[in-house]
Amino acid sequence: MPSRPSRKETYAELETPQDHGEAEKPFWETVALETMTAPQWESLCDRCGLCCLVKLEDEDSGQIYLTDIACKLFDEGSCACASYATRRKKVRDCIKLTPKTVRSIRWLPKTCAYRLVAEGRPLEAWHPLVSGSEQSVHDAGISVSGRIGGSEKTVELEDYPSHIVTWEV
């Protein structure tokens, strides 16, 4: 699995030749999720960190609750996985986002670029691909930066319900 591209990659490196025929629209508006290059796909991630938080599911209702507990591999400083390339070997229930899973996962944030592109909607103004800044997702208050209440390494399983949050996602 390739590592995530650096935000320092230029916009031109993320475009494909067919993109230029569409009146210079950005690739996420002209390329289907299924046909994106690996760098294009990975660049859609805004590094908000919401995917890396523990979710709890009510077995009776199926309702999913977000917690402020980060995955044991989450790096709070970068708001990303500390072991991205091997995360699924180290975290058994880590879900790989694919065009198919993006369309079926109910807990993806409403602001998630994968979800927005799948639904044919524009990226948010604060998304790094639009703003040109990695910091914009944090400045907009979208990321989990500064909101982590613990890690799978530090929070006991029986305490997980007390970490349920009501953030808008």
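The values are calculated or read from the model by the stated rules, or taken from the named source; none is laboratory data. Since we're looking at a predicted model, the values are computed, not measured. So basically every Cβ, Gly included, is an ideal-geometry build from the backbone, and we count neighbours across all protein chains shown.
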Task: Subset tally (residues that are within 14 Å of the chain's Cα centre (by Cα), aliphatic (A, V, I, L, M) and assigned to a helix (DSSP H, G or I)) for region 107-131 - done: 5
Open item on the list: Restricting to region 68-95, and then to whatever is assigned to a loop (DSSP other than H, G, I, E, B) and hydroxyl-bearing (Ser, Thr, Tyr), can you tell me which residue is nearest to His163 (Cα to Cα)?
Closed with: Ser78
- [ ] Would you mention how many residues in region 38-63 are of a type in the set (A, V, I, L, M, F, W, C) and in a loop (DSSP other than H, G, I, E, B)?
- [x] 3
TODO: Pull up region 100-116, narrow it to residues that are out of contact with any helix residue (DSSP H, G or I) (no Cβ under 7 Å at 6 or more places or on another chain) and under 24 Å from His163 (Cα atoms), then point me to the one that is surrounded by the fewest Cβ atoms within 10 Å (Cβ to Cβ).
DONE: Arg106
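Residues are listed down the side, and each one gets a yes or a no for (1) under 14 Å from the mean Cα position of the chain (by Cα); (2) of a type in the set (Asp, Glu); (3) surrounded by 15 or more Cβ atoms within 10 Å (Cβ to Cβ):
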position: Pro26; (1), (2), (3): no, no, yes
position: Cys48; (1), (2), (3): yes, no, yes
position: Leu73; (1), (2), (3): no, no, yes
position: Ser78; (1), (2), (3): yes, no, no
position: Ala85; (1), (2), (3): no, no, no
position: Val91; (1), (2), (3): no, no, yes
position: Thr98; (1), (2), (3): yes, no, no
Open item on the list: Where the second residue is β-branched (Val, Ile, Thr) and part of a loop (DSSP other than H, G, I, E, B) and the first is more than 15 Å from Glu29 (Cα to Cα) and lies in region 116-134, which pairs have Cβ atoms under 8 Å and are six or more apart or on separate chains?
Closed with: Trp126/Ile142
- [ ] Output yes when any residue across region 96-106 is over 19 Å from Leu44 (Cα atoms) and in a helix (DSSP H, G or I), and no when none is.
- [x] no
Open item on the list: Can you tell me which of (1) over 30 Å from Glu158 (Cβ atoms); (2) at pLDDT 95 or above is the one Asp68 doesn't meet?
Closed with: (1)
